[in-house]
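Everything on this sheet refers to the single structure shown next.
Every number in this text was worked out from the coordinates using simple rules, so none of it is lab data. As the structure is a prediction and not an experimental result, all values here were calculated from the model. With ideal geometry, Cβ positions are generated from the backbone for all residues, glycine too; neighbour counts draw on all protein chains shown.
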Amino acid sequence: MDIFNALQTAVTGLRAQAFSLDNISGNIANSQTTGYKRIDTSFVDLVADEPVKKQTSGSVGAFSQLTNTIQGNLTATGVSTNMGLNGDGFFVVRTATTDAANQRGFTGGDLYTRRGDFAVDKDGYLVNGAGSYLVGQSLDPATGQATSGGVIQIPNQTLPARATTAISYAANLPSTPSTSGASTLAALPGGDVRVTSGTATGTLTVASADTSTFLGSSVSGGSLTTYSSTGSPVNLQLRWAKVADADTAASTPDTWNLFYASQNGDTSAASTWRNAGTAFTFNGNGQLTSPVGGSLPIPNLTVDGTNLGTVSLNFGAGGLTQYGAANGQVKTDTLQQNGYAAGSLNSLAVTSDGKLTGTYSNGNSLALAQIGIVRFNAPDALKPDSYGNYARTFESGEALTGLNGTTVVGGNVEQSNTDTANEFSKLIITQQAYSANTRVMSTAQQMMSDLINIIR
């Protein structure tokens, strides 16, 4: 290597260290930028093609090295729509555009970011602090099914009421209840309100005058609020009456009947009760033998003049049992229904699996959107864009959907992964290397001057 080559090599060293300094300054400048991933500098030697005995150390090149795989610290913000990713992956976002009529639109291509400081704007879109809009699948609050994809927009309209169509029920009926109902029910003048086998026909309603007698021969099965198609609340009361004890000789099992109050009065004694119309039988081990299938439809269920239609009583496999109970009462483990009244949106939250849920004034919490989250086989090969966004490249590969072990942390944002102390250390090293390269240049210049002075 001659003096001229030494000068050129020193220049590449200056350029490389200046490139490194540029990255260091950017990392320090963005040490407080949400979701920022620092850019390190990788130095590569550039060696000329020479014989082994003539080989020189060569010059140097500087290249960027992304750190997208290095997690930043998650910090709580108290903003429910803020979200951070704990693990691999990126939020899918798009940027806004405006047309000639000044109407807002969105770019067709997806970008990717770790910046999760999203908040709802005036039009219901989720936009982060850098102006990027969150992409995902909008969900129907009533069914939970995806309705559309693209930029997420939170519906601000009133949530329609949903009629009760199913009741989840699990309970233990005492093998020896505190009351005995068979003979008493048979004696009621209102008609045959007992169902001992199959599906009943005929009169199944307990007259108001016989309510007191009926209550004395049955045990409470719980109560809950159900809803009509307009969202009107209806109080549904349930009672169980044991109408037949097991008789081994006659091969008859323990048999229960389910009743519900078709009319609620000021007191329970003023209620009129109706038989659900099916016998519930149990074997000697306390297991339900009939009805089978884990569900019983109750047709034309009407309470206080409000018709709820056909409501399915879902008790599943093992949901109803008949075991001994010291107090002789029904122990209700599950009593829930799927209806609700109309409600307005009160607040939003983010679940760990990436669902955006809304809490409504009617007490329901329903999924409104599935947040778009993707990952890449080579995330450090993404191309950085402005505002904390990244674009896909050929080297990064296609975007892969699914969390794959990553969790979404609501009410948090990811901080920059820049370590300021480490950047200062690199700054000192870079400064020394830059100064050393200038010394090489000054030395080479002096040697050239000495060579020129020989000619003189």
Both in Å, the radius of gyration and Dmax of the C-alpha trace of segment 304-353 are 17.9, 46
Using DSSP to define loop residues, name the GluC sites (Glu not before Pro) in segment 312-414 whose beta-carbon has at most 15 other beta-carbon atoms within 10 Å. 395, 398
Taking Rg/Rh (Cα atoms, Kirkwood Rh) as the quantity of interest, determine which of (i) 1.07; (ii) 1.30; (iii) 0.95 was computed from the displayed structure. (ii)
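Would you work out the charge dipole size for segment 37-94 about its Cα centre, treating the Cβ of every Lys and Arg as +1 and the Cβ of every Asp and Glu as -1, and quote it to the nearest 20 debye?
Value, rounded to 20: 160 debye.
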For segment 28-158, what log10 I(q)/I(0) values come out of the Debye formula at q = 0.13, 0.21 1/Å, with one point per alpha carbon and no solvent? -0.72, -1.31
Please list, by residue number, everything in segment 1-37 whose backbone N is under 17 Å from a paramagnetic label point 7 Å out along Cα→Cβ of residue 447. 1-14
Suppose the chain between residue 394 and residue 332 were pulled fully straight at 0.36 nm per residue; how much longer would it get relative to their current alpha carbon spacing? 16.4 nm
R0 = 41 Å: FRET efficiency of residue 98 with residue 32, Cβ-based, nearest 0.05? 0.85
Toy charge model, Lys and Arg Cβ at +1, Asp and Glu Cβ at -1: the chain dipole around Cα centroid in debye, rounded to 20, equals 260 debye
For segment 290-412, list log₁₀ I(q)/I(0) at each q in 0.09, 0.20, 0.21 Å⁻¹, using the Debye formula over Cα point scatterers of equal strength and ignoring solvent, two decimals each. -0.58, -1.18, -1.21
So what's the net charge close to residue 115: Lys and Arg +1, Asp and Glu -1, counting the other residues with Cβ under 13 Å from its Cβ? -1
How about residue 242: which lysines have a C-alpha closer than 24 Å to its C-alpha, ignoring those fewer than 8 places off in the same chain? 331
Can you give the extra length, in nm with one decimal, that the chain gains between residue 436 and residue 148 once fully stretched, where that is 0.36 nm per residue apart less the Cα-Cα distance? 97.7 nm
Straight-line reach check, residue 426, cutoff 18 Å on alpha carbons, 8 or more apart in-chain or any other chain, hits among lysines -> 37
Farthest positive-ward along segment 380-425 dipole, Cα basis, beta-carbon charges - from 401, 413, 390: 401
Extension reserve of the residue 107-residue 359 stretch, reckoned as 0.36 nm per residue once the Cα distance is removed: 87.6 nm
Size-normalised alpha-carbon gyration radius of segment 1-103, reference 2.2 N^0.38 Å: 1.72
Between residue 222 and residues 5 or more places away or on another chain, which pairs have amide H atoms under 5 Å apart, with H built 1.01 Å from N, and which residues are they? 238
Just the ratio, please: alpha-carbon radius of gyration of segment 203-244 over 2.2 N^0.38 Å, N its number of residues. 1.44
How about segment 67-162: which trypsin sites (Lys or Arg not before Pro) there lie in a loop by DSSP and see at most 15 other Cβ atoms within 10 Å? 122
May I ask for the Rg/Rh ratio of segment 360-456, computed from Cα atoms with Rh as the Kirkwood radius, given to two decimals? 1.35
In terms of the charge dipole of the chain, which places +1 on Lys and Arg and -1 on Asp and Glu at the beta carbon, the residue among 95, 422, 8 farthest towards the positive end is 8
